[in-house]
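The values are calculated or read from the model by the stated rules, or taken from the named source; none is laboratory data. The model shown is predicted, which means the values in this text are computed figures rather than measured ones. Using ideal geometry, Cβ is built from the backbone for each residue, glycine included, and neighbour counts are taken over all protein chains shown. Surface accessibility is based on the protein's heavy atoms, side chains included, excluding ligands, DNA and RNA. Shrake-Rupley method; radii C 1.70, N 1.55, O 1.52, S 1.80 Å.
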Amino acid sequence: IALANPGLGGKPYATPTLWAAIQYLMPGEDAPEHRHTQNAFRFVVEGEGVWTVVERDPVPMRRGDFLPQPGMHWHAHHNSASTPMAWIDGLDIPFQYGVEGQFFDFGRDVLTEEEHAAPDRSRSERLWGHPGLAPVSQFGHREGTPLLRYRWADTDAALTDQLTLEREGHPATIEPGHALVRYTNPTTAGDVLPTIRAQFHRITAGTETAPYRETGSSVYQVFDGSGRVTVGDRSWTVTRGDLFVVPSWQPLSIRSEASASDSDSGALDLFQFSDAPILAKLNLFRSHTEKDSR
């Protein structure tokens, strides 16, 4: 289900450069193999039991996991569970269509028995999923991250530690009550994909973020909790599962109204992806927080 921004004249895009969709895979279903020039990711909204198979490497998918995939990698999916599963698909489809640089190839209709395996860790995780440690045998230039799964357990722990350090009086958050992590390419420490930046926010209950704006557009998904979002001169409430868009250079502020009754963390948890790397490469990226003097 593609999310079509009503401000884009009927095009099935979330922003002028970003595609966002909800993909839903039924029990026992396979999604056929294909590849495309578009950089893509999957962020798991609900469930587990699906494996995405990237270049014949089965990668487990569980709620909160972030699974990036650079362009032109063969991939398919299979659901080994007895229940459906849903995730967000994010791609740079509108950008690539705009510059007329997109290609798409169909692959095999059927996965092998080996690819229907259900390992707890993929080959990519066994190589690259060790914090601060990189396999020397795999050094070399890569356009996107070789790590195909960023586990929710690690993201959750990083956010929790930031807020704990803040309470202990140490600098750890970007502003009081607001923890933020960025998914990065372990080979460069830069953005996880050439055209997409992905981040995760945790905003403690009662905290309101300072108004912030940046060039380029973003899509946010409320992973857990509830709150109130203000973009420009418009405000609305959000709850778990909602998605919203922030257009270029529109000020955004968020107030967390989360509690233990609607959030596992007791805070407002938000997944964000944006086109910031495109703007940065063109020397057009700018950001401003209300308290900045820039």
**Prompt:** If you project the alpha carbons of the stretch 76-163 onto the principal axes, what extent comes out on each, in Å, largest first?
**Reply:** 41, 39, 34
**Request:** Take the chain, connect every pair of alpha-carbon atoms lying under 10 Å apart with a spring to form a Gaussian network, then pick out the residue of Asp65, Asp161, Asp92 with the largest mean-square fluctuation.
**Result:** Asp161
**Heavy-atom accessible area per residue - the stretch 203-294, 1.4 Å, Å²** = 47 Å²
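Kindly report the accessible area of the stretch 55-143 per residue (heavy atoms of protein chains, probe 1.4 Å, no ligands, DNA or RNA), in Å². Mind showing how you got there, number by number?
Details: 4930 Å² over 89 residues.
That works out to 55 Å² for each residue.
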**Asked** Which distance in Å, rounded to a whole number, links the C-alpha centroids of the stretch 163-208 and the stretch 225-294?
**Response** 13 Å
**Complete:** With all protein chains present, the chain has a carbon and sulfur share of its accessible area (1.4 Å probe) in percent of 53 percent
**Item:** Zone of Thr160's modelled label, taken as backbone nitrogen in the stretch 183-223 under 15 Å from a point 7 Å along Cα→Cβ
**Value:** 202
**Request:** Please compute the net charge surrounding Leu279, taking Lys and Arg as +1 and Asp and Glu as -1 over other residues with Cβ under 15 Å from its Cβ.
**Result:** 0
**Message:** Sorting check: for 135-143, 278-286, which peptide has the highest mean count of neighbouring beta carbons within 10 Å, and how do the rest follow?
**Reply:** 278-286, 135-143
**Item:** Largest to smallest principal axis extent of the C-alpha atoms in the chain, angstrom
**Value:** 54, 43, 40
**Prompt:** Treating the beta-carbon of each Lys and Arg as +1 and of each Asp and Glu as -1, no other charges, what is the dipole magnitude of the stretch 1-111 about its Cα centre, to the nearest 20 debye?
**Reply:** 180 debye
**Request:** Compute the signed sum of charges (Lys and Arg +1, Asp and Glu -1) over the other residues within less than 13 Å, Cβ to Cβ, of Asp92.
**Result:** -2
**Request:** With springs connecting C-alpha atoms under 10 Å apart, model the chain as a Gaussian network and identify which of Phe223, Phe106, Phe95 has the largest mean-square fluctuation.
**Result:** Phe106
**Segment Leu133-Gln102, extension gain: residue separation times 0.36 nm, minus the distance between their alpha carbons** = 7.7 nm
